[in-house]
1. Can you sort Leu76, Leu141 by solvent-accessible area, 1.4 Å probe, largest first?
2. First measure r as the distance between the Cβ atoms of Leu199 and His148, then evaluate 1/(1 + (r/R0)^6) with R0 = 30 Å and state the FRET efficiency to the nearest 0.05.
3. Please give every one of the lysines within straight-line cross-link reach of Lys99, meaning a C-alpha to C-alpha distance under 28 Å, and leave out same-chain neighbours fewer than 8 residues apart.
4. Identify, among Asn69, Leu165, Thr124, the residue whose Cα sits farthest towards the positive end of the charge dipole of the chain, taking +1 on the Cβ of Lys and Arg and -1 on the Cβ of Asp and Glu, with the dipole about the Cα centre.
5. Restrict the search to the stretch 1-48; then list the GluC sites (Glu not before Pro) that DSSP places in a loop and that have at most 13 other Cβ atoms within 10 Å of their Cβ.
6. Need the full-extension length gain, Ile167 to His96, defined as separation in residues times 0.36 nm minus the C-alpha distance. One decimal, nm.
7. Specify which residue in the list Ala189, Ala41, Met2 is farthest towards the positive end of the charge dipole of the chain, using unit charges on the beta carbon of Lys, Arg (+1) and Asp, Glu (-1), about the Cα centre.
8. Which value, in Å², gives the accessible area per residue of the chain when a 1.4 Å probe is used on the protein heavy atoms?
Amino acid sequence: KMRLIEENPVESTEPKKVYVKPIDYYQPEEVIRLRDACQNARERAIIETFRSTGARVGEIAEIKIDQINQETGEILIKSEKSGRFRMIYMDDDARHYYKIYLDSRKDESPYMFTQSRRPYGKMTTCGYRTIIKAIGQRAGLTCRVYPHKSRKTLGMQMKEKEIDLGIIQEILGHASPETTSLYYAQSTAKKLREVRERL
């Protein structure tokens, strides 16, 4: 800014290469196995909530019961990264199993999910990761099993149904459309195979 250097010393430097790995997401049969491996309503409600909402683990950890519309499944949350408010959605299966879990609770915690033992404190992000990983091991899955994978799976499901990238960005709560297009603009292997088979 002070014009002390007349030439840019890094002008000829090549830009840093950014390698984008293929999205890690669940196959339909893996989701079925996760569901079947749940041992109680709490575990099933957690799996269904992550699958249905596509929310980040830190966002789900902060949800309180009074934020949930039990009739529609709508939940207004504050995005963990952008700080903006957005609506996430629990579908019929998620609402069904969450109601069973909620009716079984005997605590007075205001949070959506609580720890399984007294004093029934708020579930931590580590707690969610531990539970979901344990369900994956019980299901006999050889792939990685973690909360964020459900978010990626929802994104890929929308991508395969050819939903507009702007809608995907809004549902997943990406602050920038560049983030959405970086991962979800590329065609899936299934889509490429279908195109090749039509040739």
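1. Of Leu76, Leu141, the descending order of accessible area is Leu76, Leu141.
2. It comes to 0.25.
3. Straight-distance partners of Lys99: Lys64, Lys78, Lys122, Lys133, Lys149, Lys152.
4. Thr124
5. Sites meeting the loop and neighbour criteria: Glu6, Glu7, Glu11.
6. Once the chain is fully extended between Ile167 and His96, it gains 23.0 nm.
7. Result: Ala41, furthest along the dipole toward the positive end.
8. Details: 13340 Å² over 199 residues.
Value returned for the chain: 67 Å² of accessible area per residue.
The values are calculated or read from the model by the stated rules, or taken from the named source; none is laboratory data. What you see is a predicted model; the values in this text were computed from it and never measured. Cβ coordinates were reconstructed from backbone atoms using ideal geometry, including for glycine residues, and neighbour counts include every protein chain displayed. With ligands, DNA and RNA removed, areas are computed over all heavy atoms of the protein, side chains included. Shrake-Rupley method; radii C 1.70, N 1.55, O 1.52, S 1.80 Å.
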